[in-house]
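Step one of this worksheet: look at the structure below.
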Amino acid sequence: RALARIATNATKGHGKAGKKSKKARAESAAEGEAAVPAVRLFSRDGAAVAEEVPNAAAWQDGAVLHIGDARYRVERNPPALTELSLPRSLLAGFPVCPKLSAEFAAPQHCLFRWFREQRPAGGGDAAEEAWVETAAAERVFTPSNALVGLRLKLRCTPGDGERRYGPAREVESSGPVEAGPGACTFDARHLYTKKVCGHGSVRAVSYNILADTYAQTEFSRTVLYPYCAPYALEIDYRQNLLKKELAGYSADLICLQEVDKSVFVDSLAPALDAFGLEGLFRIKEKQHEGLATFYRRDKFSLLSQHDIAFSEALLSEPLHKELCEQLAKYPLVQEKVLQRSSVLQVSVLQSTTDPSRKLCVANTHLYWHPKGGNIRLIQIAVAMSHIKHVACDLYPSIPLIFCGDFNSTPSSGTYSFISSGGIAEDHEDWISNGEEERCSMSLSHPFKLLSACGEPAYTNYVGGFHGCLDYIFIDRNALEVEQVIPLPSHEEITTHQALPSVSHPSDHIALICDLKWK
C-alpha cells in the first residue's frame, strides 16, 4: 500500500511540474496510465522487498527505493534538528549558548561551526554578506572584543553518537556582539572555582537571581533600584551575566530562586546543559516565576522528586494534619498562609560513582514581607515535616542540603528553628505583625542543621536594606564544609551604590561552598 501511494503521489507531482501547453497535456493524456512510475523497494543486499512485508520490517537503513529511474537511499530515524536559536543579546567575553532541540540526536554529539560577519571593506558591495569561520568548534562560543559590532552565525549538524549525521541547519544572530561591562563581581570568585571538585565533594550554590517579572516594573526602576542603569535591569543583559557567573562556579548543585519560566526554558536550562548540568523547575502557581535545581549529570542521577506548594500540602496531606488544626485557631494567619503561592522543591539524588550515597536536596523561597515572620514559621514547619517524610521515611537517614532565600535574618525565629530544631510558643516572631495576628505554637524537627556559609553580613544589598536572607543548610551529622567561596568585597558590591548593577545581575549574592561526606 505504501509503494502504491508513493506511485500515485509521484504521478500527481509530475502533473504539477509545470503548466503544460495544450499539446503537451494531450500527449500525456494519450500516454495515460503509462505515466505512473514503477515503484520498488530493494534491501541493502539488492533483493527486492516483497509487497506483503509490513512497513516496520521493510524500511531498513540502507534499503534503496526506486521510483522510475530515480534512486533514493532509505535512512531510518536520521538525526534531525527541530529547533536552533541564538540568544538575542551577545556580549564580548560572555558565553553564547545556543538553544537546540533534536530528534534521534544529542547535543553532545552534534557538530558546531561558528562564523562571524566579514567587516565591510571599503568600496565592495556591502549588501553581499560574507561570513568568516572562527576557530571555535564547540557548543558554547565566547566572542572576543575583536568581534564587537559583528553578527555571528552558527552551523549545527545533528549527530547521534554512532557516526550518523543529519542535515545541518544555520542560524544568524539578530544583532551584533556588543561590548561587555568589564570586571564583574563574580570574576574574583571564579578563581576559587576553576575546576569541578572531586567525587568525594559536592560544590553547592544557592542564588536568588531576581525574576524579570520584578526587575522590569516601573516601581523597580524608580523606587527599588533607581541607582541601576535601566539597560542593566533588562533580562537579556542580566542573562549574559548570570550564565557566565553560574557556568564559572563549576558547581555540582545549583539551587535558584525567582526563576522566570521562560528564563529557565530558553536560557538557563540550555546554557547549563552545555556545562554538564541537568535542570528541574517548579513554578509558583499564580506567578510566572519559581524554583530551579540543577545537578551535575556525571556525578548524580535523579531518583525522585517530591515538590509541594505549602498551602496545598497543609490542607491536603495527612502529614500536616496537626499543624493544620492548630493553625485553624488563628483564622487571620491561616488565611494569609493559604493565600501564599510559595513552593518547596525536593529532589533525591544518587551518586553515579557510589550508589550508596544519596542526597536530599531541598530548595525554597519563603514569604517576603518584613513583618511576616509568623507566616514564614508556618511555611518552614510544613517544609521540615515534608522533608522529614522524604529523608527519614522514604529514604531513611539520607543527608539533607537545604538551600534557599528564607527571607529571614540570623536573629529570626525561622533561622533559630532551622538551626536549633525547635521554637518556643512565646518567640517574638509569633507576633511579628501585631497582637491581632498572634499565633503561638511550639514546633520541632529532627534534623541537625548548620548554615554552611555561616552568617554573612548580607546576601541581599539594595538601596533601602541589606541583610543575610539566604542560606545553605547542611546535615551536620553527614556532611562537613570543606571551603566557603568568599563573597565579593563590600567595595565591589557598592561600586555602583547597591545591587543589581551593570556588573552584578541580581539584588542577591550567590552563596557557594564545597562540602564533603563525613
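Keeping to region 406-449, report how many residues are open to solvent by less than 50 Å² (accessible area, probe 1.4 Å) and either among the β-branched types (Val, Ile, Thr) or assigned to a helix (DSSP H, G or I) (or both).
Adding up the residues that qualify gives 12.
Filter region 281-303 for residues that are at pLDDT 95 or above, open to solvent by 50 Å² or more (accessible area, probe 1.4 Å) and part of a loop (DSSP other than H, G, I, E, B) and give the result.
Scanning region 281-303 gives ARG297, ASP298.
Go through region 240-270 and count every residue that is part of a helix (DSSP H, G or I) and polar (S, T, N, Q).
3
Of the conditions (1) surrounded by fewer than 19 Cβ atoms within 10 Å (Cβ to Cβ); (2) touching a His at 6+ places or on another chain (Cβ under 7 Å); (3) under 30 Å from LEU400 (Cβ atoms), TYR227 clears all except one; give me its number.
(3)
Just give me the residues in region 140-167 being touching a residue at least 40 places away in the same chain (Cβ under 8 Å), open to solvent by less than 60 Å² (accessible area, probe 1.4 Å) and in contact with a strand residue (DSSP E or B) (Cβ under 8 Å, 6 or more places away or on another chain), in sequence order.
Matches in region 140-167: VAL140, PHE141, PRO143, LEU147, VAL148, LEU152, LEU154, CYS156, THR157, PRO158, GLY159, GLY166.
In region 347-403, how many are hydroxyl-bearing (Ser, Thr, Tyr) and buried (at least 21 other Cβ atoms within 10 Å of the Cβ)? Outline the logic, then answer.
We begin by selecting, within region 347-403, every residue hydroxyl-bearing (Ser, Thr, Tyr); these are 347, 351-353, 356, 364, 367, 385, 395, 397.
Retained after the next criterion (residues that are buried (at least 21 other Cβ atoms within 10 Å of the Cβ)): 347, 364, 367.
Residues that pass the stated criteria total 3.
How many of the residues making up region 75-86 are outside any strand (DSSP E or B) and at pLDDT 95 or above?
So the count comes out to 2.
Can you pull out every residue in region 461-484 that is surrounded by fewer than 21 Cβ atoms within 10 Å (Cβ to Cβ) and over 28 Å from ASP393 (Cβ atoms)?
Residues satisfying the conditions are VAL462, GLY463, GLY464, PHE465, HIS466, GLY467, GLU482, GLN483, VAL484.
So if I check each of ALA204, ALA232, which one is in contact (Cβ under 8 Å) with a residue 40 or more places away in the chain, of a type in the set (Gly, Ala, Ser) and either touching a helix residue (DSSP H, G or I) at 6+ places or on another chain (Cβ under 7 Å) or in a helix (DSSP H, G or I) (or both)?
After ruling out the rest, the residue left standing is ALA232.
Go through ARG357, ARG297 for me and flag whichever is more than 21 Å from LYS518 (Cβ to Cβ) and among the basic types (Lys, Arg). Before you say what the answer is, go through the steps one by one.
On the way: ARG357 fails: more than 21 Å from LYS518 (Cβ to Cβ).
After applying the criteria, what remains is ARG297.
Is region 199-222 home to any residue that is among the polar types (S, T, N, Q), open to solvent by 70 Å² or more (accessible area, probe 1.4 Å) and over 30 Å from PRO120 (Cα atoms)? Talk me through it step by step, then tell me what you get.
Restricting attention to region 199-222, the residues satisfying the condition of being among the polar types (S, T, N, Q) are 201, 206, 208, 213, 216-217, 220, 222.
The next check asks that each one be open to solvent by 70 Å² or more (accessible area, probe 1.4 Å); those that pass are 222.
So of that shortlist, the ones also over 30 Å from PRO120 (Cα atoms) come out as 222.
Yes, region 199-222 has at least one match.
Which one of the conditions (1) part of a helix (DSSP H, G or I); (2) within 28 Å of the chain's Cα centre (by Cα) does ILE375 fail to meet, given that it meets all the rest?
That leaves (2) as the condition not met.
Among the residues of region 321-336, are any open to solvent by 50 Å² or more (accessible area, probe 1.4 Å), under 32 Å from the mean Cα position of the chain (by Cα) and not small (Gly, Ala, Ser)?
Taking every residue of region 321-336 in turn, at least one turns out to be open to solvent by 50 Å² or more (accessible area, probe 1.4 Å), under 32 Å from the mean Cα position of the chain (by Cα) and not small (Gly, Ala, Ser).
Please enumerate the residues belonging to region 492-518 that are of a type outside the set (S, T, N, Q), part of a loop (DSSP other than H, G, I, E, B) and open to solvent by 10 Å² or more (accessible area, probe 1.4 Å).
HIS496, VAL502, ASP507, LYS518
The values are calculated or read from the model by the stated rules, or taken from the named source; none is laboratory data. Computed from a prediction, not measured in an experiment: that's the story for all the values here. Note: ideal-geometry Cβ built from the backbone for every residue, glycine included; neighbour counts use all protein chains shown. Heavy atoms of the whole protein, side chains included, go into the accessibility calculation; ligands, DNA and RNA do not. Shrake-Rupley method; radii C 1.70, N 1.55, O 1.52, S 1.80 Å.
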